[in-house]
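Okay, structure first, notes after.
Read-outs throughout are calculated quantities, based only on the coordinates presented, and are distinct from any laboratory measurement. Given the structure is predicted, the values throughout are model-derived calculations rather than measurements. In this analysis, Cβ positions are derived from the backbone assuming ideal geometry, glycine residues included, and neighbour counts consider all displayed protein chains.
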Amino acid sequence: MWKILKINGNRHSNLSYGLFVLLFISVPFLGPKVDAEMKSRDLKNCNIQEGSCTMDLLGHKVTLDIHPKPVKAMNDLTFRVTLTGEPLSSSPHIDLGMPGMKMGPNRVVLKEVGKGIYEGVGVIVRCSSGRRTWRATITFSDLGEVKFIFDVIY
Ligand SMILES: [Cu+2]
């Protein structure tokens, strides 16, 4: 391809040459761009190593924090969820998984430790693929769910 461009380059005007090059440069980016948009729900939205993460859910603020930090796989981790607003009738739970991968079930059961504060202990396993991006889906039976996606340390 580059050899042909070089040979024929002189015969093209600057404009058509530019369009030609632009076309070939942009084509490889069209596929991944569409792909990235489709998977935007799987993108990282939380830097759990630096602090807690918060999302809105039906007018409530849901905050997730994980200790100890740095957050490492194969380690006992304390998951703390806080919810603003009206108290819930039952405690939420967390399902741990990986975006785009089928991992085994891994649920963290949470108990209310204060008003709107829920805690539980769980372990994030080391994925054999080497990927470090995990997703914590927090489900509230009354409200629905939020998903935090973050990197852990192996
Ligand atoms: Cu995995």
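Dipole of region 40-120 computed with +1 at Lys/Arg Cβ and -1 at Asp/Glu Cβ about the Cα centre; of Asn47, Met74, Val113, farthest Cα towards the positive end is Met74.
Cβ-to-Cβ counts within 10 Å put His60, His67 in ascending order as His67, His60, the fewest first. Listed by Cβ neighbour count within 10 Å, with the fewest neighbours leading, Leu57, Leu83 appear as Leu57, Leu83.
Considering all C-alpha pairs of region 42-151, those separated by over 17 Å amount to 49%.
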